[in-house]
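Trainee: If you scroll down you'll find the structure; I have some questions about it.
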Amino acid sequence: VFHGRIVARRVVGQETRYEVEVKAPYRHRFPLVAREYLWVPNTCGCPPLREGGEYLLMARRHVNHEHTLNRILLQDDGYARPWTPREARLVREAARHC
């Protein structure tokens, strides 16, 4: 779970790749760098993220069996919500209890 600002968007095959500036990680099992790529399957029912928009994102690290692919993937069970100070406060509070 992290707060990110969408820098760029590009459709690549059956997926959309977003370049994201990581503003603040809230809860993570893997380290995040200042800029990450977030991949979204085009079959995902989520609305497209707009460039310049800030979002609260819950995604998973996806590593294939051969360890040749390592990326952040926003799946149907993840979420992308517009970031607000209230959302940030709620996530910080939840992270302390979990």
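The values are calculated or read from the model by the stated rules, or taken from the named source; none is laboratory data. Keep in mind that what you see is a predicted model, and the values were worked out from it rather than measured. Quick reminder, even Gly has a Cβ in these numbers, built from the backbone with ideal geometry, and neighbours come from all protein chains shown. To get the accessible areas, we keep the full protein, side chains included, count just its heavy atoms, and leave off ligands, DNA and RNA. Shrake-Rupley method; radii C 1.70, N 1.55, O 1.52, S 1.80 Å.
Trainee: When the range 79-91 is examined, which residues are found to be touching a residue at least 24 places away in the same chain (Cβ under 8 Å) and of a type outside the set (S, T, Y)?
Mentor: A80, R81, P82, W83, E87, A88, V91
Trainee: In addition: Can you find, within the range 44-65, the residue that is most open to solvent (accessible area, probe 1.4 Å) among those that are touching a residue at least 12 places away in the same chain (Cβ under 8 Å) and hydrophobic (A, V, I, L, M, F, W, C)?
Mentor: Per the criteria, the residue is M58.
Trainee: Test of understanding: among V11, V20, which residue is part of a strand (DSSP E or B), touching a residue at least 12 places away in the same chain (Cβ under 8 Å) and open to solvent by less than 40 Å² (accessible area, probe 1.4 Å)?
Mentor: On inspection, the qualifying residue turns out to be V20.
Trainee: Residues of the range 66-98 being of a type in the set (D, E, K, R) and either open to solvent by less than 40 Å² (accessible area, probe 1.4 Å) or under 27 Å from E15 (Cα atoms) (or both), which ones?
Mentor: Selection gives E66, R71, D76, D77, R81, E87.
Trainee: Considering the range 23-43 alone, what residues qualify as being open to solvent by 80 Å² or more (accessible area, probe 1.4 Å) and out of contact with any Phe, Trp or Tyr (no Cβ under 8 Å at 6 or more places or on another chain)?
Mentor: Within the range 23-43, R27, R29, P31, V33, R35, T43 meet the criteria.
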